[in-house]
Every structure is written in C-alpha cells, then in structure tokens.
Amino acid sequence: MLSCRAARIAAAAVVLVLVMVSVAVAWPPRPRPRPRPAPAIPPSDLRFYHLTHYLFNHLDQPVVFCALDGRVVAANKAYQRMLGYSLAELKQKTYQELTPVRWHAMERRLRNQQVMRRGWCEEYEKEYIRKDGKVIRVRGRAWLVRDRDGRPQWLLGIYRQLGPARAAKP
C-alpha cells in the first residue's frame, strides 16, 4: 500500500499530466505560412488564386501568363527552363519576341479568331527561340483570363516541348 505522502505525489503527477494534455489539445496550432500566388498576377478572386497557385507550383508543364499586348507577366520554372531565361529576363520580352517571325501571323489569327472570341484556342504547334538561339518545337493551348467584370485581363499559355525544330508550316 502507498503511504499518504506517496499517494499525494501520485495524484499530483496525474493532475499535472492531465493539465499538460488539456493545454496541448486546446492550444491553437502554430500558423503555417500560406503559399503565395504567381508574382505580379493580382488574384481577382479565390478561384483565380487557387488556379495560379496550382499552375505555378504543381504543374510540371511550362506555363506563362502574358498581358494582352504580349508582355510576359509571369512564368513558372518549367517555362523558364524550357527557354533558358530567368523570370526577370522573360518579363522584358513579349511572346512575339520569343517566337520566330514565320509563326506570328498564325498566332495572331488564333488569338483574334479563337482566344479573344471564345476564351480559348484549339491545341496548336509553334516554335520558340531559346536564349541560346536554338529553336524548339512546342505544342500548346492558350486561354483568356477575365477579371471579375468580364473584361479580358491576361493570356494564359500551357505548353509541351516536342523536340528539335523541323521544317513545319505555320
């Protein structure tokens, strides 16, 4: 049998353990830092935030956001690797500058007849000029991103590199 003193010590230990467990359960967890959306793309609503976050952080395909005039606004790491430019360098360029001249008319047609009218275009092939001057073939699609009021805001392109350039017609 336990002595009176030992019983009090055991009871105090049980109370202390119960207090520690209740504090640990009731104490709020430490807040984790929230992931940021793609740089320079203002999230117009929560859906857009989640879309850009997913595209830039989880999709392994090259993704680029461009302003309506063609300036590169944001690009994920896969797009940067594909073309050999840093994000800062890409922001100084337009998608037209990254595309051989022979593809400009085709892209302009796709943009005006499909993307600006219905919000997206059929999958198409084109070429890009890498920073090292090498021309690569890609297949991609483009979408029009609208703001809350329905006004066109950005062009979104998602691409897949096909291999070395060949003598294809635009």
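The values are calculated or read from the model by the stated rules, or taken from the named source; none is laboratory data. Keep in mind that this is a model prediction, so the values were computed, not measured. Heads up, the Cβs are rebuilt from the backbone with ideal geometry, glycines too, and the neighbour counts pull from every protein chain shown.
Tabulated values for the structure
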{"quantity": "Arg111 touching a residue at least 40 places away in the same chain (Cβ under 8 Å), assigned by TED's automatic domain parsing to the domain that holds Val135 and under 13 Å from Leu144 (Cα atoms)", "calculated": "yes"}
{"quantity": "In segment 42-76, residue surrounded by the most Cβ atoms within 10 Å (Cβ to Cβ) [restricted to those that are modelled with pLDDT of 90 or more and charged (D, E, K, R)]", "calculated": "Arg71"}
{"quantity": "Residue match in segment 90-102 (condition: within 16 Å of the chain's Cα centre (by Cα) and not polar (S, T, N, Q))", "calculated": "yes"}
{"quantity": "Subset of segment 68-85 [among the polar types (S, T, N, Q) and touching a residue at least 24 places away in the same chain (Cβ under 8 Å)]", "calculated": "Asn76"}
{"quantity": "Where Tyr79 falls short, out of the listed (1) hydroxyl-bearing (Ser, Thr, Tyr); (2) modelled with pLDDT of 90 or more; (3) in a loop (DSSP other than H, G, I, E, B)", "calculated": "(3)"}
